[in-house]
Structure formats: structure tokens, C-alpha cells
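Written out below as C-alpha cells is the structure these notes cover.
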Amino acid sequence: MDMNLEGTEPILCSQIIRQVDQHLIELLTSLDAAEWDLPTIAPQWSVRDVAAHLLDTALRKLSRGRDKCRVDSGRVQSHQDVITLVNRLNHEGVTVYRRLSPKVLTQLMQLVCNQTADFYESLDPFAPAAIGVSWAGEMTSLVWFDNARELTERWHHQEQIRLATNRPSIMTPLLYHPVLDTFLRGLPHAYRDVTAADNTALLVEISGDCGGQWCLVRAHDTWSFTSDLPSAIVSHIMIPQSIAWRLFTKGIDRESARAKVTMTGDKTLAEHVLQLVAIVG
């Protein structure tokens with residue numbers, strides 16, 4: 001089996017965030033008044049709420065990341081601490097910015113998106129990031145991974161709006177593949193408590209032109225990605241790209257997702273992929 005395996009190289013995507021946000025501005029500008037109040041697959045969030053969240057997180061990134069502004073006190077020592085803090089900040093931000101008119105919100109979004117794109121592109125991708133990617137088990141991360149995580153946020157929330165308003169998806173190889181690659185970097189952490197014999201190999205495949213193959217191998221009590229396909233694959237799971245982003249962001253229930261994936265070999269091992277959550281909260 002000849003495959004180009006992924007998961008071992010840095011994801012350098014800062015310029016892609018600018019493109020995703022350009023699509024976002026065009027999308028928000030096209031919505032009519034009724035569409036702003038449509039429900040999305042994000043629990044209890046309308047299109048207006050998701051847009052407010054995207055504005056809030058971009059403003060926070062500039063304030064904390066670029067301007068080094070620290071207002072919230074308290075120690076963050078665990079992933080649960082991160083969840084508690086992020087849930088509070090998200091709730092506060094949506095509560096405030098959902099009050100803005102669509103025109104004001106969109107104009108502010110355009111301003112802040114241009115500035116955040118400049119900020120992401122100015123950073124050394126291999127320097128330490130201000131925050132870690134906690135859902136991947138990292139309390140400290142490199143900038144490239146933090147930027148890639150930000151791409152997943154900007155992409156999947158925009159996709160929620162597109163799904164709610166019946167707008168064309170931005171599920172293209174250029175924009176969506178790095179999102180999938182970033183999501184799957186959480187698998188080693190998600191499998192940390194899954195025991196198996198050394199050299200046990202799990203092949204994860206996202207089908208479709210935006211997808212790819214990632215191979216997780218167990219060695220010395222740790223799961224990690226390999227760039228070389230092992231001679232024996234114990235378990236293989238194939239997930240359609242159409243549901244992959246929803247699966248990893250709690251946008252589809254596990255039973256519905258399970259009915260759409262294909263598993264061969266050790267299905268118990270493969271099913272754990274369905275537990276991956278690549279968002280905070």
C-alpha cells in the first residue's frame with residue numbers, strides 16, 4: 001500500500017487564515033436580516049452568535065497576543081482550567097457582540113481580521129506560543145501549532161454559518177486539509193490511556209480530495225505518528241471529509257458519525273478516534 005502519511009511535519013498556515021477570513025467577510029455581507037437569527041449546529045448559538053464569537057476571539061487574540069494585555073487573573077494549570085476559562089470568556093464575548101447590528105459587526109470583523117492576519121504572518125512559527133493547544137495535551141506549544149489551531153476555529157465556525165444559511169462550503173483542499181491535519185494532531189493525546197502492544201498501528205483515513213492518511217503507532221507506552229507505513233496495520237478507520245470537521249468539533253453525535261464511517265480490523269481500537277474533541281469547551 002503506497003501512501004503519503006501525514007502528521008509529522010509542521011503545519012505552516014498563517015497566510016491561509018487571511019483567505020478564510022476573506023471568505024467570512026463576503027459571507028456575512030451576503031446574509032439577509034432573517035439569516036442572522038437562524039440556528040446553527042453549535043448548541044444554543046444562532047448565526048449572529050457564531051459571528052459574535054468569531055469577532056470576540058479575534059479581538060482577544062490581538063489584545064493578548066499582539067499587545068500583551070492581561071486582564072483576567074487566575075492560574076491555569078490543567079485542561080479543565082482552560083475549559084472553564086474559555087467557556088466563561090466565550091459566553092461574555094457573545095453576550096456583548098451579538099448586540100451589534102450586522103453592518104457594525106461585519107465592519108469590525110473586517111478591521112480586526114486584517115490586523116490578526118498581519119499578526120499571524122509576523123510571527124516566527126517555531127517560537128514558543130503564548131498559549132498551548134490544550135486539547136492536544138500541550139500546555140505550551142509552538143507558534144505554528146497555535147496558528148493552526150486558530151485556523152481550525154476560523155474555518156469550522158464559518159462552516160457552521162454556511163451550513164445554517166445553505167451557503168456553499170469552503171471545503172477545498174487548500175483551506176480544509178490543514179484544518180483536518182490540525183484536528184488529527186490531537187490523536188496521540190486522545191489515545192494516551194489506550195493500551196496496546198508495541199508496534200500496534202492504527203491507520204486513520206479522511207476520504208475525499210481534502211483528506212489524507214495518518215498512522216498512529218504504539219511504542220514505549222506512547223502513541224505517535226509515523227511517516228513510514230508499518231508492514232502490519234491492526235486497525236483502519238475511514239471517515240468521510242463531509243462529517244470529519246463536525247465529528248471533531250462536537251457538531252454531530254457519535255452514533256450518527258459511527259454509522260457513516262468504515263472500520264476494519266480491531267474496531268474497538270478504531271472507534272476511539274470518534275472520541276477526539278479538537279476544541280476547548
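Specify the angular offset, from 0 to 90 degrees and rounded to the nearest 10, of the alpha carbon long axis of helix 143-164 from the longest principal axis of the alpha carbons in the chain.
70
Output the direction-averaged projected area (hull surface divided by four) of the convex hull of the alpha-carbon atoms of the chain, in nm².
That works out to 14.7 nm².
In whole angstrom, how long is each semi-axis of the equivalent ellipsoid of segment 152-213, when you take the square root of 5 times every eigenvalue of its Cα gyration tensor and sort them from largest down?
Details: eigenvalues 173, 35, 16 Å².
Semi-axes (√(5λ), whole Å): 29, 13, 9.
Kirkwood Rh, segment 31-76, all Cα pairs: how many Å?
12.5
Kirkwood Rh over Cα pairs of segment 56-190 into Stokes-Einstein at 4 °C, 1.567 mPa s: D in µm²/s?
Translational diffusion coefficient: 79 µm²/s.
Over the Cα atoms of segment 54-100, what Rg and Dmax result, in angstrom?
Spelled out, the Cα radius of gyration and Dmax of segment 54-100 are 11.5, 35 Å.
Give a residue-ordered list of calculated ³J(HN,Hα) values for segment 122-138 (Karplus: 6.51 cos²θ - 1.76 cosθ + 1.60, θ = phi - 60°; whole Hz; x for Gly, Pro).
Coupling constants for segment 122-138: 7, 7, 6, x, 9, 7, x, 7, 5, 9, x, 8, 5, 5, 9, x, 10 Hz.
Counting Lys +1, Arg +1, Asp -1, Glu -1, what net charge surrounds Cys69 among other residues with beta carbon under 15 Å of its beta carbon?
+3
If you bin every alpha carbon distance in segment 180-273 into 10 Å steps from zero, what whole percent lands in each bin?
16, 53, 28, 3
For a quick check: with amide H placed at 1.01 Å from N, whose amide H comes under 5 Å from Ser235's, ignoring anything fewer than 5 positions away on the same chain?
The list, which skips near neighbours in sequence, is Ala201, Leu203, Asp266.
What whole number of Å gives the distance from the Cα centroid of segment 151-186 to the Cα centroid of segment 58-128?
Cα centres, segment 58-128 to segment 151-186: 19 Å.
Return the equivalent ellipsoid semi-axes of segment 109-175 as a descending list in whole Å, where each equals the square root of 5 times an eigenvalue of the C-alpha gyration tensor.
25, 15, 10
Where in the chain is the longest stretch that carries no trypsin sites (Lys or Arg not before Pro) classed as loop by DSSP and with at most 16 other Cβ atoms within 10 Å? Can you show the working numbers first?
Values: sites that count: Lys68, Arg70, Arg75, Arg99, Arg192, Lys250, Lys260.
It works out to 100-191.
Residue-wise, which Karplus ³J(HN,Hα) couplings in Hz belong to segment 211-226, taking 6.51 cos²θ - 1.76 cosθ + 1.60, θ = phi - 60°, and x for glycine or proline?
x, x, 10, 10, 10, 9, 10, 8, 7, 6, 6, 9, 9, 8, 7, 10
What's the carbon and sulfur percent of the chain's accessible surface, probe 1.4 angstrom, rounded to a whole number?
About 51 percent, which is the carbon plus sulfur part of the accessible surface.
What list of ³J(HN,Hα) couplings, whole Hz, do you get for segment 168-175 from phi and the Karplus terms 6.51, -1.76, 1.60, once you set θ to phi - 60° and write x for glycine and proline?
Calculated HN-Hα couplings, in order: x, 6, 9, 7, 10, x, 5, 8 Hz.
Counting only heavy atoms of the protein chains, get the accessible area per residue of the chain (1.4 Å probe) and round it to a whole Å² value.
Ligands and nucleic acids excluded, the figure is 47 Å² per residue.
First check a/c for segment 25-116, with a ≥ b ≥ c the square roots of the eigenvalues of its C-alpha gyration tensor; if it is under 1.5, answer rounded, and if not, answer prolate when a/b is larger than b/c or oblate otherwise.
It comes out oblate by the Cα gyration axes.
The values are calculated or read from the model by the stated rules, or taken from the named source; none is laboratory data. Keep in mind that this is a model prediction, so the values were computed, not measured. All Cβ positions, glycine included, derive from the backbone under ideal geometry; neighbour counts span all protein chains shown. Accessible surface areas use protein heavy atoms only, side chains included; no ligands, DNA or RNA. Shrake-Rupley method; radii C 1.70, N 1.55, O 1.52, S 1.80 Å.
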